[in-house]
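Report on the following structure.
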Amino acid sequence: MPLEAGLLEILACPACHSPLGDESAADTPELICTGKDCGLAYPVRDGIPVLLVDEARRPA
């Protein structure tokens, strides 16, 4: 289930404060940091973004 566009406008990466890209329609829903030096992927569980750096997946 994709997140609301208004919500994405105010969310930012907790690590670098860059905007987040919505990948919540994928098999493993997550929000991806758009910062070129960061790129952390934050999980979305039950439609709720988990914006904790400790829970984020490092870029491949």
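Worth pointing out:
- Per residue solvent-accessible surface (Å²) - the chain, probe of 1.4 Å: 67 Å²
- Coupling constants for the stretch 6-11 follow from the phi torsions by the Karplus curve (6.51 cos²θ - 1.76 cosθ + 1.60, θ = phi - 60°), and in residue order they are x, 5, 5, 5, 9, 7 Hz; glycine and proline get x.
- Look at the dipole of the chain built from charges on Cβ: of 18, 3, 43, the Cα furthest out on the positive end belongs to 18.
- Most tightly packed first, judged by the mean number of other beta-carbon atoms within 10 Å of their residues, the peptides 26-32, 46-52 read 26-32, 46-52.
- Rounded to whole Hz, the Karplus (6.51, -1.76, 1.60) HN-Hα couplings of the stretch 20-32, x for glycine and proline: 10, x, 8, 10, 6, 8, 6, 4, 10, x, 7, 10, 9
- Cβ-Cβ FRET estimate between residue 28 and residue 53, R0 fixed at 22 Å, reported to 0.05: 0.75
- Stretching residue 60 away from residue 4 to a fully extended chain increases their span by 17.5 nm, per 0.36 nm per residue minus the current alpha-carbon distance.
- Taking the chain and dividing mean pair separation by its residue count, relative contact order in percent (alpha carbons under 8 Å, at least six apart): 26 percent
- The Cβ shell under 13 Å around residue 23 holds other residues with a net charge of -2, Lys and Arg each +1, Asp and Glu each -1.
- Charge dipole (debye, nearest 20) of the chain; +1 at Cβ of Lys and Arg, -1 at Cβ of Asp and Glu: 200 debye
- Residues in the stretch 39-56 carry Karplus couplings, in order, of x, 5, 10, 9, x, 10, 10, 6, x, 10, x, 9, 9, 10, 4, 5, 8, 6 Hz; the curve used is 6.51 cos²θ - 1.76 cosθ + 1.60 with θ = phi - 60°, and Gly or Pro positions show x.
- Peptides 15-21, 54-60, 39-45 ranked from most to least packed give 39-45, 15-21, 54-60, packing being the mean of other C-beta atoms within 10 angstrom over each peptide's residues.
- Computed helical MRE - 222 nm, the chain, DSSP H runs ≥ 4 contributing -39500 (n - 2.57), nearest 500: -2500 deg cm²/dmol
- Amide H within-cut-off set for residue 3, under 5 Å, with H built and near neighbours excluded: 24
The values are calculated or read from the model by the stated rules, or taken from the named source; none is laboratory data. If you're wondering where the values come from, they're calculated on a predicted model, not measured in any experiment. All Cβ positions, glycine included, derive from the backbone under ideal geometry; neighbour counts span all protein chains shown. Accessible surface areas use protein heavy atoms only, side chains included; no ligands, DNA or RNA. Shrake-Rupley method; radii C 1.70, N 1.55, O 1.52, S 1.80 Å.
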